[in-house]
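Here's the structure we're looking at; comments come further down.
Laboratory data are not the source of any read-out in this text; all were calculated from the coordinates shown. All values derive from a computational prediction rather than experimental measurement. All Cβ positions, glycine included, derive from the backbone under ideal geometry; neighbour counts span all protein chains shown.
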2 protein chains.
Amino acid sequence: MNRILKILRKVKNLNFEIKYKDGRGRVGILKTPHGTIKTPALMPVIHPGKQTIQVADYGAEVVITNAYLIYKNDELREKALQDGVHELINFPGPIITDSGSFQLSLYGDVEVSNQEIVEFQEKIGTDIGTSLDLPTPPSVKRERAEKELKITLQRAQEALEVRKELMLNSVVQGSTFPDLRSECAQALGEMDFQVHPIGAVVPLMESYRYHELVDVVMSSVSYLPDSRPRHLMGAGHPMLFSLAVAMGCDLFDSAAYILYAEADRLLMPNGTLKLENLYEMPCSCEVCTNYTPDELRGMEKEKRRDLLAIHNLRVSFAEIRMIHQAIIEGSLWELVEQRCRAHPFLLEALRNLKNYQDDLEKYDPPYKKSAFFYSGPESLNRPEVHRHLERVKRIPPKKSVLLIPRTTKPYSEHLHHIPLEFYRIKGEPNLENSAEDRQVTVVDVPFGVIPLELDQLYPLAQNESPRIHDEDSILMVKNILHDYIKDFEEVIVSEKVLRTFRLDEEFPTKDEYSEPLEIIVDDVERIKMIADYQFGSGSGEALFNTSVQIVKSRKTGKIRHVYDGDELIATLRASDGIFVLAREGARRLHRYLPYPKNRVVVNEDAEPFAREGKSIFAKFVINCDINIHAKEEVLIVNEEDQLLAFGKSILNGKEILDFNTGQAVKTRKGGL
Amino acid sequence: MNRILKILRKVKNLNFEIKYKDGRGRVGILKTPHGTIKTPALMPVIHPGKQTIQVADYGAEVVITNAYLIYKNDELREKALQDGVHELINFPGPIITDSGSFQLSLYGDVEVSNQEIVEFQEKIGTDIGTSLDLPTPPSVKRERAEKELKITLQRAQEALEVRKELMLNSVVQGSTFPDLRSECAQALGEMDFQVHPIGAVVPLMESYRYHELVDVVMSSVSYLPDSRPRHLMGAGHPMLFSLAVAMGCDLFDSAAYILYAEADRLLMPNGTLKLENLYEMPCSCEVCTNYTPDELRGMEKEKRRDLLAIHNLRVSFAEIRMIHQAIIEGSLWELVEQRCRAHPFLLEALRNLKNYQDDLEKYDPPYKKSAFFYSGPESLNRPEVHRHLERVKRIPPKKSVLLIPRTTKPYSEHLHHIPLEFYRIKGEPNLENSAEDRQVTVVDVPFGVIPLELDQLYPLAQNESPRIHDEDSILMVKNILHDYIKDFEEVIVSEKVLRTFRLDEEFPTKDEYSEPLEIIVDDVERIKMIADYQFGSGSGEALFNTSVQIVKSRKTGKIRHVYDGDELIATLRASDGIFVLAREGARRLHRYLPYPKNRVVVNEDAEPFAREGKSIFAKFVINCDINIHAKEEVLIVNEEDQLLAFGKSILNGKEILDFNTGQAVKTRKGGL
Ligand SMILES: [Mg+2]
Ligand SMILES: [Mg+2]
Ligand SMILES: [Zn+2]
Ligand SMILES: [Zn+2]
């Protein structure tokens, strides 16, 4: 992995910048000669010469058109060469052009060479051009996929040699072979392209093979540079957008808006409606609120087509706006899980994401503005759950554990709701453990085990799930418990937990536990555990091993600040219960955590700025902890690992290394 | 049950008619003095005197206003008494008025008597008035709920005595005690009311107690007459509409559109958005496409409120239209299952519907235009699954069964895709069963066991589910198989089925089955099994025991008609694979099925019309098979059980008996 990153860094990617992240999704900006594109973006396909809809009126900020169709038509070609493509299709903003690959895939042949079409695109002033790659369809023989991949890569190389200033797409191919997709992505990523379409996926989408689409996209994006936008070619149906964005796609093109309109079909975020079957109009757009299905059916074809196209654009752009909103507020997974109910094979695709849990976890920010909403067994595979189950292992086990059921959150404030029936399922009565020897842990779906000290942390406090559990939840929590209790000598469990998660199958004999149970959450324990969970085992000791002073909020009674004497170590952020470091905390953590853990390493040039507390731009970063997530507290150091400053990461470790543009860390304080 | 129905039938309910059904939902029309309301309908709440939005411009066909607020204000009262309420609030269509019960619930007291407010509503010309019931809040002591219920029922009776021509609401109360709700519903249903609100549920909705809302609604609707619309009082959030409709609610009122707008909140079908948190506008309405969040935030309060109210109305009415569409095309459950991902407690409410499976199954039409889409474990509880598992028992078992895995549908046309690895898990090798002794059955989610002969029937052929199963699906199919194979002497099972549904846990030892497996679906077997499944055990024999001639479609090769000589017995409908009777089929079925099975009994007056093949109106029906579903093939008979005609039911048995208006059966043929 590091090898790739180093090669990548020789190539300047200055056009794209990430502003917000959720899942693998990003809200970003892509600069082009004709303006800036806010991503994720939907690019309506403009048919040169045949266009009837002014897509800019309905929300288009960027469009895509076909350079090959222009090239082939004498009149269009001459006009494009003379006045430019922007004049030709009457769109002043960014224009992406396709090369004729689609025609190649349809007809097996095109009347232009790769070199010619790249040069032509540069001449007509397109913003981002495309080389003439070979779109290898899904499910071909491996031999063919390999052979065509070689040609695609040669043509990519050739396109780079031909182009002068033109920004270039280079399409990831490789059919339905994940390793070929990865190989292609990696090879193209090492070359100087600006955007990476993922190609030849239309046949998968047309036949509802979304499961395989996930494999193709994930095996591509995880080998593409994070610093370039990815375009899921031919994906124009809004029901797919959120899933594709959550997998890291940034650009969509829509010929669907007009093709579906031609066929009297309405795009909806939850599927497609045929006008012939409509009794009522389904949405709140100007078409759906001004016409009835009968009126539309009675219209002449062209007027109807244009109206349906307007509906299709309205719905598609509204979905894109909802996706931006979801990324920024951290509710992208919720949106994806809703949209994936549009078709059972989309749900299947969502379930297939389980196989990419590790990768997704690295990109997903651990702290979000929005609560975690459980929507079904698929939610068990979300990055947040995966991450929690890893991080909870960072907390040192005690002798005994008391497993209590869910109550209202935060749990520690609602302990009086717990039914008082307990059993000892492990350990002897004579152990005589004191309250300090005993970990109190809440058992709940989907996070499994929540040590009571962590009950105010995001997302452990900021999540909701049904109180009627599905079997996947029960089984998962049962398995989590099975592992969790191994570390304890004594296990006392609430009858409710025992029953809900069927522990009686594993522990058929049990002792009723009648001694009075005192549950106290110690403040020092709490802050140490939070620190361990947040920064790694031992961090709590490292930060708070001196005689600390804990200051609570007068209003909420919750811990706010931790001091050592007059020196602030860290502050617990009220919104998500995590520690925001102060100078002393950063120093202590820097002393404790071994290099490069939690570090972002800046070069000499950036050192003075960092010391001044200015934010860190990605281009100044020469190394960093690859395991950093976005929105984490990080230490900013120089090459000698001297602590310069500390702050909050905006990108994850891999992204910080890959980007040459935009902010990497929002510095909190310098002067260290 | 019959007792209720007979009492009900003394009361004329001539205002409401059902046009389409799905789940417990209905698209209907409700006639009022000021016009007809298409239900489900959303009624914006109009504040008399304070209204700023012309709700009719945004889709309102009926509104609700508060008669008590008018009554209390001298100026408003005088104007209303003089010009009528329609003039007062400037709305020409149907107006429903509330009585002040809400104020009573807020302040504990109102300055008007029940009698006065009912008389007042009649005087001001409201279309549907309301008595002054006592809204008992959730979770009160039972004693209080019982006491207040008594008063509510007294006031209902009093309102009936006071009113002259006024149509009247009567509100179902009973707090969160399902039996009290049912008692109240039944008592009110026996009186001459036109609409039944379900009251005092706002506190449940405000605190996300949707689980209990389901209990309240289901225990009310199942005791209310089907022939009257139900109004879920105070339910104005579009995320709730589809679930409420699927439970049998027809009317919603929305003060939410303006209250949320006042609070800078946007209603969405999947939740609520706060304007302060918005980066992009979420929908395709005129507000969301013409303004940015910043522009709205920068506006003066009143303009902003009105714009947000317009968005809220647009979104709410679009949801109502989608619900109409979903009911008509038979995709209401799909919509409900999508919307219930808006909040985990809505998902919990959906899961709670499992407890009302039997009731919901009776109302849900067995044949729909739309395919069954599996969206998660909740889909396993859908009426279609429940019904299939009952009906599949109607098929007589053979000696042996061969369990094969899912392939592409229809299964019998894709048998070559089945992997050829089988095991005998029950029975001895020396049984020597022939192919005729062997039932071939497909094992799949969610329908469990699908005898190959039924593979073209709705919804067995018209459904889709993910190929990655959740644990609930696996467990349910495992249990279905456990029961299913009991009836067979020999069980041979595909290795894939064995593994997927973990039969190896129950059958750890198994014989590899190496004999060649011949799978043939016999046409006569097929038609008999379909008939058994559709009409009940033995119906196949009764319909097709003579030497039948099977005519297939030249185009599709599928069975179309079954004749006895020249006489058509029945036709298999291509769209859903069910039998449509011909005269001879109706005669044979009538001879076989004991009275009143599958019958609709009409009175003397209707007999000549029925014989002429005219459709049967509910008011002429004097008895019927209570187990008839909507959209089933039914026999039309007179009191002597003479067969007059046959046709397709439009309502279910309970509805046919309850309604006095509208069609009950669409007659196919008379002259019998
Ligand atoms: Mg959320
Ligand atoms: Mg459907
Ligand atoms: Zn529309
Ligand atoms: Zn809107």
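Results, tabulated for the structure shown:
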read-out: Given charges at Cβ of Lys, Arg, Asp, Glu: region A:33-357 dipole, positive-most of A:L168, A:A67, A:L350; value: A:L350
read-out: Ordering of B:545-554, B:174-183, B:144-153 by burial proxy (mean other Cβ atoms within 10 Å per residue, highest first); value: B:174-183, B:144-153, B:545-554
read-out: Mean Cβ neighbour count within 10 Å, used as a protection proxy, ranking B:514-521, A:466-473, A:342-349 highest first; value: A:342-349, A:466-473, B:514-521
read-out: Separation of alpha-carbon centers, region A:159-215 and region B:246-322, rounded to whole Å; value: 40 Å
read-out: For A:T292, label point 7 Å along C-beta direction: distances to other copies, nm; value: 4.0
read-out: Calculated label separations, B:K50, copies of the chain, 7 Å along the beta-carbon direction, nm; value: 5.6
read-out: Residues with amide H under 5 Å from that of B:H231, placed H, sequence gap 5 or more; value: B:H196, B:I198, B:D250, B:L251
read-out: Stokes-Einstein D for region A:372-512, Kirkwood Rh over Cα pairs, 10 °C, 1.306 mPa s (µm²/s); value: 104 µm²/s
read-out: Beta bridge orientation in region A:33-357: antiparallel %, DSSP, nearest 5; value: 15 percent
read-out: Net lengthening on full extension, B:R560/B:R467 (0.36 nm per residue, minus Cα-Cα); value: 30.3 nm
read-out: Average partner coverage of A:141-151, which counts Cβ from other chains inside 10 Å; value: 0
read-out: All-pairs Cα distance distribution in region A:479-584, expressed in whole percent, bin size 5 Å; value: 2, 9, 17, 17, 13, 10, 14, 10, 6, 2, 0
read-out: Position B:H416, label points 7 Å along Cα→Cβ, spacing to each other copy in nm (shortest first, one decimal); value: 7.2
read-out: Charge tally in the Cβ shell below 12 Å around B:I616, where Lys, Arg are +1 and Asp, Glu are -1, B:I616 excluded; value: +4
read-out: Shielding by partners - mean other protein chain Cβ count within 10 Å, residues of B:469-475; value: 5
read-out: In nm, spacing of pseudo-spin labels at B:F507 and A:K19 (7 Å Cα→C-beta vector); value: 6.0 nm
read-out: Check: the protein assembly as shown dipole with +1 on Lys, Arg Cβ and -1 on Asp, Glu Cβ, in debye; value: 940 debye
read-out: Dipole magnitude of chain A, debye to nearest 20 (Cβ charges: Lys/Arg +1, Asp/Glu -1, about Cα centre); value: 960 debye
read-out: Amide hydrogen neighbours beyond the local backbone of B:L651, cut-off 5 Å, H modeled; value: B:K631
read-out: For B:343-351, mean number of other protein chain Cβ atoms within 10 Å; value: 6
read-out: Chain A: C-alpha gyration tensor shape, a/c 1.5 cut-off, then a/b vs b/c; value: prolate
read-out: P(r) tail fraction, region B:165-267 - alpha-carbon pairs more than 20 Å apart, %; value: 36 percent
read-out: Global form of region A:33-357, assessed from the alpha-carbon gyration tensor, a/c cut-off 1.5; value: oblate
read-out: Anisotropy class of region B:535-672 from Cα gyration tensor, a/c 1.5 cut; value: prolate
read-out: Dipole of the protein assembly as shown [Lys/Arg +1, Asp/Glu -1 at C-beta], most positive-end residue of A:S379, A:V600, A:Y58; value: A:Y58
